[in-house]
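See below for the structure under consideration.
The values are calculated or read from the model by the stated rules, or taken from the named source; none is laboratory data. Because the structure is a prediction, the values reported are computed rather than measured. We place every Cβ from the backbone using ideal geometry, glycine too, and count neighbours over all the protein chains shown.
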Ligand code: R5P
């Protein structure tokens, strides 16, 4: 057995989808929580190449389990341990915005580089740096875009307007809109707090009497999309849909999005949940194979 995929209890369905397209075996890493909250990790017998599959939503718990699993896989004989983390956490804090703040991106990037032989992720949130290997240094890294997969979910009838809620979202709006010949609008956004943003959409009058499709890399609290939807409905949009790579929103936050008229909401399966409609496994499989990671 030269390659195997190892998943965790909270992501086995997605790990199995990847194993199926790669045509390799898939096993579960067993985790146990002690009363003091430490964890015990047990991996099954290793292959030469182990692909550890885990999205890093809820990252504080998952990262420690991952590092322990990588170590256990090597102890079991793995010669190469590749991390497939469709959602890569802690990428947003890419500098100390105030004195004394940790640059989380650098710390987590360093941990990954120190414990894995390769990294595959999807739409990492890189703002002020352009390449993932500036954060995760010294190992091969692959940063995939979910845009082509998300584009397959777009209903382009009646020429909806594709709207990015901030300047960074331009990359996804354009990749999705261009092949379908759709118009795009991109908002300028100011974040005022964890759950407070203000946002303006230049030329928003173009949505009057039309469907709007909000496209972004992630939904976290959902406030960005709620604010954007308010502006779009205020300008006469007939409906507001949303398409994102990573949906990290809680059930309560999803209910708020829906109450604000944002429907349907669709995402990739980077974080499996009620919105995940587009499977990333074929994209990740191709990247692993083309880069000699299997
Ligand atoms: C920010 O730059 C991102 O692209 C998302 O717009 C943001 O993370 C969404 O966060 P929230 O859902 O909390 O507004």
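General remarks:
- The combined condition, being within 8 Å of the ligand (Cβ to nearest atom) and either assigned by TED's automatic domain parsing to the domain that holds residue 192 or assigned to a loop (DSSP other than H, G, I, E, B) (or both), is fulfilled by residue 225.
- Which listed residue, of 282, 274, is assigned to a helix (DSSP H, G or I), in contact with a helix residue (DSSP H, G or I) (Cβ under 9 Å, 6 or more places away or on another chain) and surrounded by fewer than 18 Cβ atoms within 10 Å (Cβ to Cβ): 282
- Search result, residues across the range 29-50 that are at pLDDT 95 or above, crowded, with 20+ Cβ neighbours inside 10 Å and in contact with a helix residue (DSSP H, G or I) (Cβ under 7 Å, 6 or more places away or on another chain): 29, 43, 50
- Residue list for the range 128-141, filter: in a loop (DSSP other than H, G, I, E, B) and either in the same structural domain as residue 220 (by TED's automatic domain parsing) or touching a helix residue (DSSP H, G or I) at 6+ places or on another chain (Cβ under 6 Å) (or both): 135, 136, 137, 138, 139
- Yes/no for residue 171 being within 16 Å of the ligand (Cβ to nearest atom) and exposed (fewer than 12 other Cβ atoms within 10 Å of the Cβ): no
- Only one of the listed residues (207, 197, 186) is under 19 Å from residue 224 (Cα atoms), over 17 Å from the mean Cα position of the chain (by Cα) and buried (at least 22 other Cβ atoms within 10 Å of the Cβ). That residue is 207.
- Residue match in the range 116-124 (condition: within 16 Å of the ligand (Cβ to nearest atom), over 19 Å from residue 291 (Cβ atoms) and surrounded by 22 or more Cβ atoms within 10 Å (Cβ to Cβ)): no
- The criterion of being more than 25 Å from residue 251 (Cα to Cα), at pLDDT 95 or above and within 14 Å of the ligand (Cβ to nearest atom) does not hold for residue 184.
- Test: residue 154 is in contact (Cβ under 8 Å) with a residue 40 or more places away in the chain, assigned by TED's automatic domain parsing to the domain that holds residue 265, closer than 28 Å to residue 274 by Cβ and part of a loop (DSSP other than H, G, I, E, B): yes
- Of the criteria (1) away from the ligand (no atom under 12 Å from the Cβ); (2) in contact with a helix residue (DSSP H, G or I) (Cβ under 7 Å, 6 or more places away or on another chain); (3) under 24 Å from residue 148 (Cβ atoms), which one residue 204 fails: (3)
- Pick from the range 233-260, criterion in a loop (DSSP other than H, G, I, E, B) and within 16 Å of the ligand (Cβ to nearest atom), ranking: farthest from the chain's Cα centre (by Cα): 260
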